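Encoded as structure tokens, the structure appears first; notes follow it.
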Amino acid sequence: GVFVYVGLDPVSDYLTGLDITDQDGWVITDDKMATRIPGIFAIGDVRQKDLRQVTTAVGDGAIAGQEAYKYITEHS
């Protein structure tokens, strides 16, 4: 297999001021993809994590989708 390297610069400037990124711009989440702000989740390559691949981003999306659904149903 071949993995194409496209860089390691998170595109998170739009989150400035929310205090959910580290000093390098990666979004900090827990294992359920939740940030420190209730109802805001992050997935994929913008998250602070060790491995950034499509396969891990897909898993992040599945977890975040379920957690977002729970959050919405609990707060409706």
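The values are calculated or read from the model by the stated rules, or taken from the named source; none is laboratory data. Please read these numbers as outputs of a predicted model, since none were measured by experiment. Ideal geometry is used to build each Cβ from the backbone, glycine not excepted, and the neighbour counts take in all protein chains shown. Areas reflect the complete protein model, heavy atoms only, side chains present, ligands, DNA and RNA absent. Shrake-Rupley method; radii C 1.70, N 1.55, O 1.52, S 1.80 Å.
Remarks
- Kirkwood Rh, angstrom, the chain [1 / mean 1/r, Cα pairs]: 13.2
- Within the shell defined by Cβ-Cβ distances under 9 Å, the residues around A57 carry a net charge of 0, with Lys and Arg each +1 and Asp and Glu each -1.
- With all protein chains kept in place, the per residue accessible area of the chain amounts to 73 square angstrom at a probe of 1.4 angstrom.
- Counting protein heavy atoms only, the chain has 57 percent of its accessible area on carbon and sulfur, 1.4 angstrom probe.
- Segment D13-I40, extension gain: residue separation times 0.36 nm, minus the distance between their alpha carbons: 8.1 nm
- Burial ranking of peptide ranges 38-46, 9-17, 58-66 (average Cβ count within 10 Å, highest at the top): 38-46, 58-66, 9-17
- The simple spin-label model puts a point 7 Å past each Cα toward its Cβ; for K70 and R52 those points are separated by 2.7 nm.
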